[in-house]
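Written below as structure tokens is the structure these notes are about.
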């Protein structure tokens, strides 16, 4: 019995649920736990695909996903919270939980619809549309949240969408390219952490100076 | 036939800035500056050698250059070099810098390396890494002056540019899934069919790379980052970073079979024209001269993207515009750095009578303002005229009119504001102390922008003649 489609769809559903959960969560620590869980699910899916296809490249990607996004980056983000004793709850998001949740569902439906109308014929693999939805959810998170660490999580969600899409419909992408993309993402996260630390030295991680950047 | 020296020059192009990026971290300010200067000069020499030898071809699975990358390499290395040179005086004027000089020069060299790498790789995935690498290398440079607004701008830049580039990466996945390769040279030689998936990939690449290019409405990071960065970094941002991102998009756009599907060329043209118009309008209300210059860069990128969408002679104009603009705009930002060092403010209302207080900088600034807004005989003038001529040759009068309006608005807005700062009478009685920072680099880059215009004028004549013929007219 071929379970590959069922497993992909099941893990894909789990990833989608974590994406919707992240949108509605205003506490920062659970948001970090949520992205770690999403990355672990993704690593599990990659490992399953690697086992099924006997692909060493996919196995390596699974290992890197587990190590970098499932463990290392969440650790760095949690450490950041402890070091600077940041608020554990995002101030603005706490008042907008319902709005964020509704927006997340609306974006998911919209992205799914766009994928079905434009790309579904070219990419009929089970779960391919979910990668597109995940990308849109990551963008939504970046656009609607103000806490720096939560924004980093939004970026990581976008990157998870890329890895998910790559594993589903762009198999054979040179491993060298994928590994360097991972390192690059790590670089972005490190820069973000330094900047958010500096932001904390100056003010709070949610305070902005938009008035002075007018124009 | 491939010139055997070409791989050697490409190797040097990469090794010089990469080595400078590593060696500049020596804990000695003077030594790090020397290392960065050697790295920058080495890169310029390698780029010029490639230009002179017309080096092109593919080398191994990852490297490759052609005439398109050759056009971008010289300005990237040249502006890197002039920014390294300009940095010495500028760094002295920064109180309590966030970065020590060794780290500053290391990041500046890494930033240049990422741009050069983008231009000499043949794999679109590696090209994406190069563009994203510019974000990683340059984000911390924005925080040099430790202002809260700088940190905010750096944060926005990192998040918005990276988020946009993720869309570009998704586009690359679609492209790879549709074609089975990301080799830009192979794809250009054997264009894939313009299926819906390929068309979507190119459209998403426009949105993704468009974020980094500064296209409306994804441009929001651009004025903040350009205005808050130290002037030498602003010069690299405006002069060469935005064109490097456009280069990455151009590589993807170029794989489409000829003629380009009308939907896509219209989309590219629309984004370009809208960006130029919005930037030309927004720059009218600016209060900071650095933000004014930033919106000017956005306007120029809009014109260049419109040229790409129009194709033909307009594409030639777009490339010429980008190269000439790189030199003129870097000069304008160095001038802004001089003014900031002297006056301590970026508010235009507080800067007056520069012709008496900083005569050499004022002279260069007036010329640079003329250069970036396409005044004759700068290369930017020829480039802008060719883009308009290209639109007219295609019979696209609406686009031509919109482009002309954007050019005129930007010309009046920028030259008017710079003119007020240079020639306007000072309200306060207190005159600044005598002396001004060095200006040789400002005039050097202006000279190049001017030379490009003079050299390109014969092409303008040909272009106008050809456009007239295409419209059914011409000489008897």
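The values are calculated or read from the model by the stated rules, or taken from the named source; none is laboratory data. In this text the structure is predicted, and so the values were computed from the model without any measurement. Cβ placement follows ideal geometry from the backbone for every residue including glycine, while neighbour counts extend to all protein chains displayed.
Going residue by residue through the range B:110-124, is there one that turns out to be under 20 Å from the mean Cα position of the chain (by Cα), under 22 Å from residue A:149 (Cβ atoms) and within 13 Å of chain A (Cβ to nearest Cβ)? For the range B:110-124, residues under 20 Å from the mean Cα position of the chain (by Cα), under 22 Å from residue A:149 (Cβ atoms) and within 13 Å of chain A (Cβ to nearest Cβ): absent. Does the range B:28-39 include one or more residues that are within 23 Å of residue B:324 (Cβ to Cβ) and at pLDDT 95 or above? Looking through the range B:28-39, none of the residues is within 23 Å of residue B:324 (Cβ to Cβ) and at pLDDT 95 or above.
Inside the range A:105-122, residues that are in contact with a helix residue (DSSP H, G or I) (Cβ under 8 Å, 6 or more places away or on another chain) and either away from every other protein chain (no Cβ under 12 Å) or within 10 Å of residue A:136 (Cα to Cα) (or both) make up a count of 7.
Residues in the range B:370-413 that are part of a loop (DSSP other than H, G, I, E, B) and under 19 Å from residue B:266 (Cα atoms): B:394, B:395, B:396. Of the residues examined, residue B:214 is not one that is touching a residue at least 12 places away in the same chain (Cβ under 8 Å), at the interface with chain A (Cβ under 10 Å from one of its Cβ atoms) and within 24 Å of residue B:291 (Cβ to Cβ). Could you tell me which numbered condition residue B:67 fails, if it satisfies all but one of (1) free of Cβ contacts under 8 Å to residues at least 40 places away in the same chain; (2) within 11 Å of chain A (Cβ to nearest Cβ)? Single failed check for residue B:67: (2). Being within 14 Å of chain A (Cβ to nearest Cβ), modelled with pLDDT under 95, farther than 19 Å from residue B:334 by Cα and surrounded by 22 or more Cβ atoms within 10 Å (Cβ to Cβ) is a property that residue B:96 lacks. Screening B:91, B:144 for residues that are surrounded by fewer than 21 Cβ atoms within 10 Å (Cβ to Cβ) and over 20 Å from the mean Cα position of the chain (by Cα) leaves exactly one candidate, B:91. Among the conditions (1) at pLDDT 95 or above; (2) buried (at least 24 other Cβ atoms within 10 Å of the Cβ), residue B:110 misses just one, which is (2). Taking residue B:209 as the residue in question, decide whether it is in contact with a helix residue (DSSP H, G or I) (Cβ under 9 Å, 6 or more places away or on another chain), closer than 20 Å to residue B:246 by Cβ and assigned to a helix (DSSP H, G or I). So residue B:209 passes the test. Kindly evaluate residue B:70 against the criterion of being surrounded by fewer than 22 Cβ atoms within 10 Å (Cβ to Cβ) and in a strand (DSSP E or B). Taking the combined requirement at face value, the residue does not satisfy it.
Taking residue A:156 as the residue in question, decide whether it is more than 24 Å from residue A:67 (Cα to Cα) and more than 7 Å from chain B (Cβ to nearest Cβ). Answer is no for this residue.
Suppose the filter is at pLDDT below 80 and either more than 7 Å from chain B (Cβ to nearest Cβ) or in contact with a helix residue (DSSP H, G or I) (Cβ under 8 Å, 6 or more places away or on another chain) (or both); does residue A:166 pass it?
No, not satisfied.
Could you tell me how many of the residues in the range B:151-193 are in contact with a helix residue (DSSP H, G or I) (Cβ under 6 Å, 6 or more places away or on another chain), part of a helix (DSSP H, G or I), farther than 25 Å from residue A:160 by Cβ and more than 9 Å from chain A (Cβ to nearest Cβ)? Matching residues across the range B:151-193 total 1.
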